[in-house]
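Here, each number is a calculation from the coordinates, and none is a lab measurement. None of these values were measured; they are calculated from a predicted model. Cβ placement follows ideal geometry from the backbone for every residue including glycine, while neighbour counts extend to all protein chains displayed.
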Amino acid sequence: MRRGKRPGWMLKIARERIDILFRMADREFAANPGRSHRYTELARNISMKYRVRIPREWRRRFCRRCYSFLKPGSNCTVRISGGKVNFRCHECGHIMRFPYIQEKKEKRRNKIESHTIKKGADEPVTFGAHNKRGKGRGD
């Protein structure tokens, strides 16, 4: 084993632990917010130690400045403006901005995939066809 390189099974366990800690933080927030902040801190420490990225679904659920677990409606505010999603932490006042384009692209992809599944994989999918024959304007 090279220096600094961890085997795949260790990375897999680290990802599982990070996911478990964030799920526990989400469950525990209503009863004990301090404990959920601690779970977030532990998950971050694991991700830094094993150099594993925190999944995107959980990356937006903690503050970048004070590292507290964020629960929309109770200790953070979520707003959409100018193509960005703004998360404002009520603990420290930090505003995190994430591009909204990714969500739009993902929604568009899901719509296209569901359309192709409904139609069937054998038939070609035509978008923008304005008449019943399936041909465009100039054809």
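Ranking request for peptides 17-26, 42-51: highest mean number of other beta-carbon atoms within 10 Å first, then the rest in descending order.
So the order, starting with the most tightly packed, is 17-26, 42-51.
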Task: Y50 paired with R17, simple spin-label distance in nm, labels 7 Å along Cα-to-beta-carbon - done: 0.6
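Beyond a 21 Å Cα-Cα separation, which of these cross-linked pairs lie in this structure: K84/K118; K5/K49; K84/K107; K71/K104?
Result: K84/K118; K71/K104 exceed 21 Å.
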